[in-house]
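One structure is given below, encoded as C-alpha cells.
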Amino acid sequence: MTALGIDTSNYTTSAAVYRDDDPCMNAGRLLDVPEGALGLRQSDALFAHVKRLPEQFLRLEQAGMLDGIQAVGASTRPRAVEGSYMPCFLAGASQAQTLAVTMGVPFFSFSHQQGHLAAAAWSAGRMELLDRPHLAWHLSGGTTELLYVSPVGYSVSARRIGGSTDLPAGQLIDRTGKLLGLSFPAGKALDLASRQAGTDTWFQVKLNELDFSLSGVENKVQTLCQRGADRADVARFALHTIASAVARTTKRAWERYPGLPVLCSGGVASNSLLRVQLAGLGDVVFAAPEYSTDNAMGVAILTARAAGLGVTE
C-alpha cells in the first residue's frame with residue numbers, strides 16, 4: 001500500500017509518502033516567521049502553506065516517491081474532538097481532496113494529533129501501539145496533553161486525562177527563547193543552551209490529579225531574566241521545570257493505569273532533558289526526533305491503514 005499524507009499545521013508545511021515495503025519520505029518546511037515574532041496569524045499561515053506545498057511535492061517527485069499512490073489523506077483539524085478547528089489545515093485538506101478526486105483514489109481525514117501519535121509509534125518501531133490501549137503525551141506549541149489512547153478501526157481515539165491547564169510547554173519554551181533573544185521556534189536552541197548551564201534549579205509545579213499549570217513558570221523565567229541570570233541557566237530552569245512536571249504526572253498516571261506504555265510525541269518530546277527524565281521511569285517510547293516535530297508521515301500511515309482495510313470515506 002502506498003499512501004500520500006498532507007499536514008499543514010501552524011508551524012510546518014508537510015507532505016509524506018508511506019509505503020508498506022519500501023522507503024518512506026516526509027518533505028517538510030517550517031513556516032517563515034518574522035524575527036521576534038512567536039508564530040503567524042492564521043490567515044498568514046494559510047497563505048504560506050498554499051505557497052509552500054508545491055515545493056514539498058517537488059521534493060517527493062524528485063525522489064521518485066509519487067508513483068503508484070493508492071490513497072490520499074490529510075489532517076483537517078487539531079484534535080478529533082467537537083469544535084476543534086484551525087484555518088491553516090484547510091490548505092492541506094483542500095489540496096488532498098483535489099488530488100484524490102484527480103487520481104481516482106480514496107481520501108481520508110484525520111486530526112493533527114492522530115497523525116502525531118501514528119508517526120511517533122512508527123518511528124519508534126512500536127507500530128503495535130496503534131492496536132492496543134496506551135498512554136501518550138502530545139507535547140507541542142499548541143498542546144500539552146496526557147492522553148488515554150485506544151484503537152478505533154484503522155485509527156486511534158485519544159481522550160485527554162491530564163496535562164497543562166493553561167500554557168502549553170512549547171509556548172513556554174518559545175517565550176523563554178524570545179526573552180533570551182533566540183529565533184522562533186526556540187526548542188533546539190534552548191535545548192543546546194541548557195547543556196551549558198552552571199546550575200540545575202527548577203520549579204516544582206503543583207499537580208492537581210493529572211493536571212498542572214505552567215503560566216506561573218513564565219513569570220519566574222521573566223524574573224530570572226530581569227535579575228540578569230545566565231541565559232544557559234534560564235534555559236535549564238525552564239526545560240527542567242517542564243520535564244519534572246511531565247515526569248511526575250507520568251508516574252501518577254501509572255498509579256491509575258498500571259502497565260500501560262507511554263508514547264511521547266510532539267516537538268517538545270525531542271528535548272534531550274525531557275527524554276533523559278522520562279526514559280528512566282519505565283516503558284516510555286519516544287518518536288524519532290525528526291518525527292517528533294510536525295510532519296505528515298503519521299497521516300500517510302493512517303491513510304495506508306484505512307485504504308488497506310478497504311475503508312471508504
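The values are calculated or read from the model by the stated rules, or taken from the named source; none is laboratory data. All values reported here derive from a predicted model rather than from experimental measurement. A quick note on method: Cβ atoms are made from the backbone with ideal geometry, for glycine too, and the neighbour counts reach across all protein chains shown. Note: accessible area is taken over every heavy atom of the protein model, side chains too, but ligands, DNA and RNA are not part of it. Shrake-Rupley method; radii C 1.70, N 1.55, O 1.52, S 1.80 Å.
Observations, loosely collected:
- Spacing of the two label points (7 Å from each Cα toward its C-beta) at residue 211 and residue 62, in nm: 4.9
- Modelled this way, with points 7 Å down the Cα-to-C-beta line, the labels at residue 152 and residue 254 are 2.8 nm from one another.
- Considering only 158, 180, 219, the residue lying farthest towards the positive end of the dipole of segment 127-224 is 180, judged by Cα position with unit charges set on Cβ.
- Helical mean residue ellipticity (222 nm; -39500 (n - 2.57) per DSSP H run of 4+; nearest 500) of the chain: -13000 deg cm²/dmol
- Taking only Cα atoms of the chain, radius of gyration then Dmax in Å: 19.3, 62
- Protection proxy ranking, peptides 6-13, 171-178, average beta carbon neighbours within 10 Å, highest first: 6-13, 171-178
- For segment 48-98, the alpha carbon convex hull comes to 89 Å³ per residue, rounded to a whole number.
- Solvent accessible area, Å² - residue 85, 1.4 Å probe, full protein context: 140
- Of the complete DSSP H runs in the chain, those spanning 18 angstrom or more by Cα along the long axis with a mean Kyte-Doolittle score not below -1.0 are 42-62, 89-103, 231-256.
- Across all C-alpha atoms in segment 171-284, the radius of gyration and Dmax reach 14.3, 45 Å.
- Solvent exposure of the chain amounts to 42 Å² per residue of accessible area, where only protein heavy atoms count and the probe is 1.4 Å.
- Shape category assigned to segment 21-177 from the gyration tensor of Cα positions, a/c cut at 1.5: oblate
- Computing FRET efficiency as 1/(1 + (r/R0)^6) for residue 37 and residue 226, where r is the C-beta to C-beta distance and R0 is 22 Å, gives about 0.50.
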